[in-house]
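Scroll down for the structure; my scribbles are underneath it.
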Number of protein chains: 4
Amino acid sequence: MANRIKIGIVGATGYTGVELLRLLALHPGAEVTAITSRSEAGVHVADYFPSLRGIYDLAFQTPEEAGLEQCDLVFFATPHGVAMRDAPALLEQGVRVVDLSADFRIKDIPTWEQWYGMPFTAAETLQEAVYGLCELNRESIKTARLVANPGCYPTCVSLPLLPLLQHNLVNTGMPLIADCKSGVSGAGRKAAVGTLFCEAGDNFKAYGIGGHRHLPEIKQTISALQADAAKGFVFVPHLTPVIRGMHATQYVHLQADCNPHDILSSFYRNSPFVDVMPPGSTPETRSVRGANICRISVQKAPQSDVWILLSVIDNLVKGAAGQAVQNMNIMFGFDETAGLQTAPLLP
Amino acid sequence: MANRIKIGIVGATGYTGVELLRLLALHPGAEVTAITSRSEAGVHVADYFPSLRGIYDLAFQTPEEAGLEQCDLVFFATPHGVAMRDAPALLEQGVRVVDLSADFRIKDIPTWEQWYGMPFTAAETLQEAVYGLCELNRESIKTARLVANPGCYPTCVSLPLLPLLQHNLVNTGMPLIADCKSGVSGAGRKAAVGTLFCEAGDNFKAYGIGGHRHLPEIKQTISALQADAAKGFVFVPHLTPVIRGMHATQYVHLQADCNPHDILSSFYRNSPFVDVMPPGSTPETRSVRGANICRISVQKAPQSDVWILLSVIDNLVKGAAGQAVQNMNIMFGFDETAGLQTAPLLP
Amino acid sequence: MANRIKIGIVGATGYTGVELLRLLALHPGAEVTAITSRSEAGVHVADYFPSLRGIYDLAFQTPEEAGLEQCDLVFFATPHGVAMRDAPALLEQGVRVVDLSADFRIKDIPTWEQWYGMPFTAAETLQEAVYGLCELNRESIKTARLVANPGCYPTCVSLPLLPLLQHNLVNTGMPLIADCKSGVSGAGRKAAVGTLFCEAGDNFKAYGIGGHRHLPEIKQTISALQADAAKGFVFVPHLTPVIRGMHATQYVHLQADCNPHDILSSFYRNSPFVDVMPPGSTPETRSVRGANICRISVQKAPQSDVWILLSVIDNLVKGAAGQAVQNMNIMFGFDETAGLQTAPLLP
Amino acid sequence: MANRIKIGIVGATGYTGVELLRLLALHPGAEVTAITSRSEAGVHVADYFPSLRGIYDLAFQTPEEAGLEQCDLVFFATPHGVAMRDAPALLEQGVRVVDLSADFRIKDIPTWEQWYGMPFTAAETLQEAVYGLCELNRESIKTARLVANPGCYPTCVSLPLLPLLQHNLVNTGMPLIADCKSGVSGAGRKAAVGTLFCEAGDNFKAYGIGGHRHLPEIKQTISALQADAAKGFVFVPHLTPVIRGMHATQYVHLQADCNPHDILSSFYRNSPFVDVMPPGSTPETRSVRGANICRISVQKAPQSDVWILLSVIDNLVKGAAGQAVQNMNIMFGFDETAGLQTAPLLP
């Protein structure tokens, strides 16, 4: 496998880390050669994740030992703050980076600092970061050294909106409203009471209404396309007892006489990972379980002027690790679908 | 127990039927004396529902054998069409009726016929039916012979709106939007592929966007209080993998300077089954599991004029059997909380 | 309510604590007057557990402030080690104690110390502790000052065995085998990766085969009744993705010609909380959800000499808080079923 | 793709059918060219299973229209009775068959007729059927025209036993006991009350103790290897609320001084889909979710002579469609792992 690119994963003990490992196991042009974790250094990945027994012969290493500078690409699957600190040195050594954390997603530094509660220390690097929503920035991703992989909510919310915003079709007389529902894996694999089986199971609730960190990220995308449409944007996340899956239900006024279904179909006709479903469809999260797909349907509310945009993704795939691999494919000239062709797991 | 009122339940093999049996088992003033089911006639209820072993010594009977006319109150826990056919004769014999089906909820007969797809045959009886949303119609329920128990979505959606609509506070420049999520038991206990464990489990989806039967019921309530607010009302139901539980997230513009939290708190200060939570709360469905409570919270969306109304109920209790017992309590002069005091089951 | 007994709960922030609060809310003869938690001192219980809003007007206090010595009965719902340290002083002050932890369950101190990994410091108190398996020790519980409430597995495993062991019917040519499955709430409400929704959900596994702390507790009960039957006893616990519920499947050889169904039925004919189901039944955990019941069924394996004993409990009720209240009822001369009469929550 | 073998699937609307489609979508040497369903004839498979949108351009056809005789291999994913009726004609036309139903699993016709309740009508064909437990019959599968794909329980139970039985290591002084737990998808995708989300969810129970159809299938495998070990074999299936997954816990006496871990490791060292885990491991069902793997661990019960064999499979993969593809690979000389290399989906 001498001609495969070498991949490093920083912070591979979480859900996005193990998902990267799962997806990259079948990639024809990439090979994971280094995985890091301070807490699990020395532990074999197959002992930590028995699902990977027989697939990987790798152990976690500390970042210092791992030789990340010899990789062609490093994924950061870390809490915020880590990539900001460690990515610049890798970039200098010629390693390209896809950051799955939030560090390089927000272009306005004061906004980032307000929402993430720490000083931002990589202003220069930020300037070259490309926001890795593949369907929006495919061209600039090709040559990017540093890609900021989008959040799960921003991916699920933005994809149905992009074509409409690009044509300035959103009527701002009514605020855009995004009512979103996330599976529990979005909260990560850290010990916490709120995501225990007996707390999150058989339960449904809203959370973070006062302000979720994905709100400024979504607004940044919206306002770049149709500036006035971000004003008054309403975003309410909810937690639903599924392991993987995210569903956005958006309410929007559009310019009269537009046909949003046709506009979306046209916009995404060459995008292998966005599926605009027939009018009247209701996408379900399990139809994308384990796959790098966003399915979208547009419906008009009965006896109303409001359009309803429905979209689903697997928050760990198109909402995280899958989109990261898609970004890698674009960056390195692989087929955009390489390693991402497995069908969703249903049931 | 000679002085307890005698209760009959028509169609007691479904989830609302078994829930009525669970709740009435502890009621100090009522005794279930007849339960009917054509398909299970002759079967002991404790063989059918092992959870009721040791609690009831009753067998299902056909409606003809059951002697329903000797009851003081009969609950209909049946598909639509049955109460419309059978309730009038019982009323004539002096039996009072609480109908958990949709037959007597809609006052406009053509609307009912359009949504339920059959001719309505009890026009005279309909005139005396009282819509059993207890907190709205408590006074008229007291003397009602026939109460139409509300649907689960209409209960969950209407309770946060009632106080605002009564004061004409809804600003109709933006349509009212109700994004609702229901647990699977709302679909009933009939064999169906769509509600199998492997279809509804680990999955989230919208459904019925083109038109759910609860839409005209909700609009009827809204328009009676603030006529213009029902226009353009948007209702999107979703299915979430919880057994019991319903969550409504509503988006509304209100008149400037009003304080919806205080208005709701004041309106419901004497309602034992509506809990207006402190500002900033996010009610969760499990906090009402098994209990006849609607918890409500009001929040302002950040950087927006939109108010968010959150409400949760157990769809089988305040959304069905519990509210039916509450109606019975009001009709017969029991304490409104009789038989309904058990705490929610958490976890 | 001046003549109600006063109840204190030490460690009321866990699942057994909130379950005690739920059950005692409806008890006619007892009133919770003090709840303690060091970490949550000062927090109102209804802010901590929103399911209790409107039911309790109590705040957590430190054990020192709580005035536990003024209670008639104190429940310890704490990790092991706490009751051993704090119960003796309360007993001296005339307070009776039901300990839901493991401190006083094992009579042999070296065994306890081996399994719980700390020195046992209350040897004198241990002598008076009564093992609170109500159906076994009802008489001695009546006058006990200190009751050691049994573990969930020991309750579920022991109840089907008791009648057989008492008659020396277990044929020890084959070891007794208990294959047990527990819902996740048995692991408590502490932050831990292993019981996250995304780890324990949609998953099934065995655990603790090398030795679970409930093994010596079960063996103690068995050997007291039929000494040789404890030898070689096999106990394998599993984790199943239900919130509440425990199921034991036991395999046993019995003396020829005995009828275990009749023996169990006779033994438990006056026990309100043990339900011996008809031959051929298969009890399910949800048939006891939220209720203080153990349902048992006995079946002969086809073409085999092995008897299969099936039993189910709600691990938080008959396996913890419900049995604790049952013990309280016996200790204080209440009706054994007081406060424990609510029907299981189904579905 | 002219040189790919042509595949037909009879009865492709169920869970094993859609799983075959998922797995075969990535197979390098096979192409699905015909799928049949009487009830859904004319419906596009991607409209029926939205998870397959963009992957298959095929519609269901009636068996008569489908041209199955032009296939190289036909999978039967049908209820019992169909393959028995239709496979012989296909075999005569040179089409090879893998039957996922039970029709050709049992060699003794009276036994089959007793358990499946219908006359067996393909006695001649039965003689050439090879029982498709790949790890047992790999050689004879290579040349088989007709493979009877094993049931899920028989696969999960037999794999840990095979090496021990082949060496006559099972001590028959104690009966072999298999306590098994299945996810709900094992019951198939038919409308039924018992497998509704609200019936099977948050619930655990045994079922079919009086006799499950997989019992004679398991006994046939056992007795062929070590005749006396099948006598008195005890099999208790349970239903656990997971979608995919099966767990067997077996209790067995072995000849003294044998090391079952080493025996299993040696036996399976060349089997890519059986993973013998290190001593002390406890396999979990999610570690094989979506993958064609059986993971096994062996442990000695503490203070006992009993060995505990733990094994997990995904009942739809190694327990059904995956093993069927593995059989196809062996039959057609593909690499045994072709199309079966995707990593398990975790979480």
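Here are the numbers for the structure shown:
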{"read-out": "Pairwise label distance in nanometres, residue A:47 with residue C:190, each label 7 Å out on the Cα-Cβ vector", "value": "2.4"}
{"read-out": "Segment D:109-227: translational diffusion in µm²/s, Stokes-Einstein, Kirkwood Rh over Cα pairs, 10 °C, 1.306 mPa s", "value": "95"}
{"read-out": "Relative contact order for chain D, counting Cα pairs under 8 Å that sit 6 or more residues apart, in percent", "value": "17"}
{"read-out": "Karplus-derived 3J(HN,Hα), 6.51/-1.76/1.60, for each residue of segment B:270-280, Hz, glycine and proline x", "value": "10, 9, x, 10, 10, 10, 8, 7, x, x, x"}
{"read-out": "Between helix D:152-166 and chain D: long-axis angle, C-alpha atoms, 0 to 90°, nearest 10", "value": "50"}
{"read-out": "Rule-of-thumb Rg ratio for the protein assembly as shown [Cα; 2.2 N^0.38 Å; N residues]", "value": "0.92"}
{"read-out": "DSSP beta bridge pairing in segment D:153-314, given as percent antiparallel to the nearest 5", "value": "70"}
{"read-out": "Hydrodynamic radius (Kirkwood) for chain D, which is based on Cα pairs only, to one decimal in Å", "value": "20.5"}
{"read-out": "Efficiency of FRET between residue B:255 and residue A:70 - r from beta-carbon atoms, R0 60 angstrom, step 0.05", "value": "0.40"}
{"read-out": "Cβ-derived FRET efficiency at R0 60 Å, residue A:300 paired with residue D:305, nearest 0.05", "value": "0.30"}
{"read-out": "3J(HN,Hα) from dihedral phi, segment D:188-201, Karplus parametrisation 6.51/-1.76/1.60, rounded to Hz, x for glycine, proline", "value": "x, 10, 9, 4, 7, 5, x, 10, 4, 3, 7, 9, 8, x"}
{"read-out": "Cα-Cα separations in segment C:250-347 greater than 21 Å, expressed as whole percent", "value": "40"}
{"read-out": "Residue-count net charge about residue B:120 - beta-carbon cut-off 9 Å; Lys, Arg +1, Asp, Glu -1", "value": "-2"}
{"read-out": "Antiparallel DSSP beta bridges within chain B, percent to nearest 5", "value": "45"}
{"read-out": "1.4 Å probe accessible area per residue over the protein assembly as shown, in Å²", "value": "32"}
{"read-out": "Over segment A:146-287: Rg over Rh, Cα atoms, Kirkwood Rh", "value": "0.98"}
{"read-out": "Which listed pairs, of C:300/D:107; A:205/C:190; B:219/B:318; C:181/D:231; D:142/D:190; B:205/B:231, have C-alpha distances above 23 Å, in listed order", "value": "C:300/D:107; C:181/D:231; D:142/D:190; B:205/B:231"}
{"read-out": "With Cα atoms, 0 to 90° folded angle of helix C:134-143 axis to chain C main axis", "value": "40"}
{"read-out": "Inter-part distance where segment A:242-276 and segment D:121-153 are each reduced to a Cα centre, Å", "value": "48"}
{"read-out": "Averaged over A:136-147, number of beta-carbon atoms from partner chains that fall within 10 Å", "value": "0"}
{"read-out": "For residue D:191, net neighbour charge (Lys/Arg +1, Asp/Glu -1) across residues whose Cβ lies under 14 Å away", "value": "+2"}
{"read-out": "Ascending list, in nanometres, of distances separating the residue C:54 label from those of the other copies (7 Å, Cα toward Cβ)", "value": "3.0, 4.7, 5.5"}
{"read-out": "Net charge contributed by nearby residues that have their C-beta within less than 13 Å of residue D:204 (K/R +1, D/E -1)", "value": "+1"}
{"read-out": "For q = 0.15, 0.17, 0.20, 0.22 Å⁻¹, Debye-computed log10 I/I(0) when each Cα of segment A:214-296 counts as one equal scatterer", "value": "-0.75, -0.97, -1.29, -1.41"}
{"read-out": "Coil-residue trypsin sites (Lys or Arg not before Pro) of segment C:222-290, DSSP, other Cβ within 10 Å capped at 12", "value": "C:269"}
{"read-out": "Over segment A:5-128: Rg over Rh, Cα atoms, Kirkwood Rh", "value": "0.99"}
{"read-out": "Degrees between helix C:214-225 axis and first principal axis of chain C (Cα, 0 to 90, nearest 10)", "value": "60"}
{"read-out": "Residue (of B:120, B:13, B:51) at the positive-pole extreme of segment B:5-128, dipole from beta-carbon charges", "value": "B:51"}
{"read-out": "Modelled FRET efficiency - R0 30 Å, residue D:121 with residue A:341, Cβ distances, 0.05 increments", "value": "0.10"}
{"read-out": "Accessible-area value, residue C:332, 1.4 Å probe, nucleic acids and ligands omitted, Å²", "value": "60"}
{"read-out": "Rounded Å value of the spacing that divides the Cα centres of segment D:15-43 and segment B:1-65", "value": "47"}
{"read-out": "Amide N proximity, segment A:281-321 versus residue B:114 label position 7 Å along Cα-to-Cβ, cut-off under 16 Å", "value": "A:301-305"}
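The values are calculated or read from the model by the stated rules, or taken from the named source; none is laboratory data. Here the structure is a predicted model, which is why all the values come from computation and not from measurement. In this analysis, Cβ positions are derived from the backbone assuming ideal geometry, glycine residues included, and neighbour counts consider all displayed protein chains. SASA here: full protein model, heavy atoms, side chains in, ligands and nucleic acids out. Shrake-Rupley method; radii C 1.70, N 1.55, O 1.52, S 1.80 Å.
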